[in-house]
1. Taking into account only those residues within region 90-106 that are in contact (Cβ under 8 Å) with a residue 60 or more places away in the chain and outside any loop (DSSP other than H, G, I, E, B), which is farthest from residue 41 (Cα to Cα)?
2. Name the residue, out of 150, 170, 87, that is charged (D, E, K, R), out of contact with any strand residue (DSSP E or B) (no Cβ under 8 Å at 6 or more places or on another chain), in contact (Cβ under 8 Å) with a residue 60 or more places away in the chain and surrounded by 12 or more Cβ atoms within 10 Å (Cβ to Cβ).
3. The conditions are (1) within 30 Å of residue 29 (Cα to Cα); (2) loosely packed, with under 14 Cβ neighbours inside 10 Å, and residue 145 fails exactly one of them. Which is it?
4. Hey, could you check region 153-167 for residues that are part of a strand (DSSP E or B) and free of Cβ contacts under 8 Å to residues at least 12 places away in the same chain and say which is surrounded by the fewest Cβ atoms within 10 Å (Cβ to Cβ)?
5. What number of residues within region 49-84 are within 17 Å of the chain's Cα centre (by Cα), open to solvent by less than 50 Å² (accessible area, probe 1.4 Å) and hydrophobic (A, V, I, L, M, F, W, C)?
6. Go through the residues of region 14-32 one by one and say whether even a single one is at pLDDT below 85, under 30 Å from residue 150 (Cα atoms) and among the small types (Gly, Ala, Ser).
7. How many residues does region 119-137 contain that are open to solvent by 80 Å² or more (accessible area, probe 1.4 Å) and assigned to a helix (DSSP H, G or I)?
Amino acid sequence: MSNILTFGVVAGFFLMRGNLQVTVWVTRFSAFYWMYRVFLIVIGIVVFQDQDLWMTQFRLSPILNFISCVFTGVLAIYLPWLYFQLRHPQILAAMRTSGMKAAPPISAWVGGAAVAVILNALLYVAFNGTDGAEALQRAKQQLGPNYNYRMASIAWSGSYVEATVTAYNRNTIKTIDVEWTK
């Protein structure tokens, strides 16, 4: 996280000094990251989010979840604001005067959305494959039927599989690490 903050401070310094080349890069990055976040969140909510798990998380840690929602909201407002500030007609005119292209960064928009779709598709395939089912079954063997189970992560190293499963009920959330060799 500190690397992106350092990047932001340096980019902000050059933006305040009127560097048009940095303006192009920050505009593209904000468009890319805006679409990436929008598609990641929308697809993630539709495909992966278990409403019961989210409600349990919110009930058990309301302050942390509130802060997370506020951060997401601020980012959802800041990125479009930054993008439109950097696409202001005066800035576009200065870019054209300097011989730079001032076209909208369509490839950044499409790229951000594409990366989010691809990542979500890969997660879906990984979580819903045979190894995902095996991880859920192994977690159920450890805790029993009094919990609901959701995949959190899965990784492979040759024939070795390591997965993290979230087990939850109305009053608690547990993280179960399972591993096996195929």
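1. 94
2. Testing whether each residue is charged (D, E, K, R), out of contact with any strand residue (DSSP E or B) (no Cβ under 8 Å at 6 or more places or on another chain), in contact (Cβ under 8 Å) with a residue 60 or more places away in the chain and surrounded by 12 or more Cβ atoms within 10 Å (Cβ to Cβ) leaves just 87.
3. Only one criterion is unmet by residue 145, namely (1).
4. 157
5. Result for region 49-84: 2.
6. So far as region 14-32 goes, no, none of its residues is at pLDDT below 85, under 30 Å from residue 150 (Cα atoms) and among the small types (Gly, Ala, Ser).
7. Selection size over region 119-137: 5.
The values are calculated or read from the model by the stated rules, or taken from the named source; none is laboratory data. Not measured: the values here are computed from a predicted model. Quick reminder, even Gly has a Cβ in these numbers, built from the backbone with ideal geometry, and neighbours come from all protein chains shown. We work out accessible area using only protein heavy atoms, side chains counted, and drop any ligands, DNA or RNA first. Shrake-Rupley method; radii C 1.70, N 1.55, O 1.52, S 1.80 Å.
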